[in-house]
1. Among (1) modelled with pLDDT of 95 or more; (2) within 29 Å of His161 (Cα to Cα); (3) in contact with an Asp or Glu (Cβ under 9 Å, 6 or more places away or on another chain), which single condition is Thr38 missing?
2. Restricting the search to region 50-80, which residues are of a type in the set (D, E, K, R) and either more than 13 Å from the chain's Cα centre (by Cα) or assigned to a loop (DSSP other than H, G, I, E, B) (or both)?
3. In region 21-51, which residues are polar (S, T, N, Q) and surrounded by 10 or more Cβ atoms within 10 Å (Cβ to Cβ)?
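The values are calculated or read from the model by the stated rules, or taken from the named source; none is laboratory data. Predicted, not measured: the structure shown is a model, and the values here were computed from it. Every residue, glycine as well, gets a Cβ built from its backbone with ideal geometry; the counts of neighbours run over all protein chains shown.
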Amino acid sequence: MEQRNRHPYEFELKKFSPDSKFLIIKHEIPHFLPVSSTPLIMVDTTEAFELLLRDLLSQMVIGVDLEHHSDRSYRGITCLMQISTDKTDYIIDTLKLWDHLQPLNKVFCDPNIVKIFQGADSDVIWLQRDFGIYVVNLFDTFQAASLLGFQKKGLSFLLQHYCQVHVDKKYQLEDWRIRPL
């Protein structure tokens with residue numbers, strides 16, 4: 001393969017082997033905090049971003065979701081990033097911090113941190129294209145539901161099925177470019 005066509009994290013990906021602690025089958029879902037008890041932190045300054053980065057680097061598992069806008073656009077734009085730990089939820093204003101997000105690569109390429117996505121195909125492309133962020137050690141709940149033979153694979157179904165949590169998806173198709181958030 002030509003050097004220019006190589007993945008920038010080819011070495012890490014070839015070397016990657018999941019740690020055995022991530023391969024243990026648990027028969028019970030670990031306790032999670034209800035949304036009402038989970039702090040929500042808006043990350044829209046470089047100072048808040050540095051605190052976010054420090055917290056994420058100390059985690060073993062994070063959940064990630066992106067909000068993208070592509071109406072009347074060929075390429076589209078990533079407008080918002082949501083990251084959750086077991087104790088804190090973060091909303092990152094990617095439009096405001098656009099030129100400062102690349103250090104998230106430290107988190108997203110760390111093989112010791114599992115990144116949980118739902119239907120990650122587009123998110124991975126948007127992270128690479130918009131921010132130069134690549135992902136190592138990704139768990140896709142949509143792909144897991146497919147492998148388990150579920151008829152329904154959407155996040156709403158999975159959250160209801162496993163966590164008895166109802167999510168309202170009415171804002172999913174909003175114009176996430178509009179500020180303030």
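1. Only one criterion is unmet by Thr38, namely (1).
2. Glu50, Arg54, Asp55, Asp71, Arg72, Arg75
3. Thr38, Thr45, Thr46
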